[in-house]
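Only one structure is covered here, and it is reproduced in the block below.
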């Protein structure tokens with residue numbers, strides 16, 4: 001009888017800390033690259049480079065056929081950064097063509 005009580009007390013005396021989910025550093029890097037891609041989308045190369053890196057990091061951080069929160073947010077912000085970069089590039093090229101046409105030049 002004493003052995004049973006002793007075993008129960010031993011089981012209660014050991015405390016294990018709850019397991020924390022390990023943060024995925026690639027997902028966090030994807031989020032950071034996506035944000036930097038949006039901020040630098042006015043510079044054609046900055047938005048293109050950081051947006052592309054954000055997408056690559058998001059895809060590399062994918063675990064078990066799903067994205068975690070930071071990876072999904074990084075993927076979305078990276079795509080937005082690339083779209084903004086494309087819009088800025090089109091506007092710059094379009095304004096250059098308009099100036100050429102206004103000066104009397106042609107294709």
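Check region 49-66 and report whether any residue there is part of a loop (DSSP other than H, G, I, E, B) and modelled with pLDDT under 75. Within region 49-66, one or more residues are part of a loop (DSSP other than H, G, I, E, B) and modelled with pLDDT under 75.
Rundown of residues vs (1) surrounded by fewer than 17 Cβ atoms within 10 Å (Cβ to Cβ); (2) without any contact (Cβ under 8 Å) to a residue 40 or more places away in the chain, yes/no style:
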position	(1), (2)
31	no, no
38	no, no
42	yes, no
74	no, no
82	no, no
90	yes, yes
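The values are calculated or read from the model by the stated rules, or taken from the named source; none is laboratory data. Keep in mind the model is a prediction, meaning the values are calculated, not measured. Here Cβ is always computed from backbone atoms with ideal geometry, including for glycine, and neighbour counts include all displayed protein chains.
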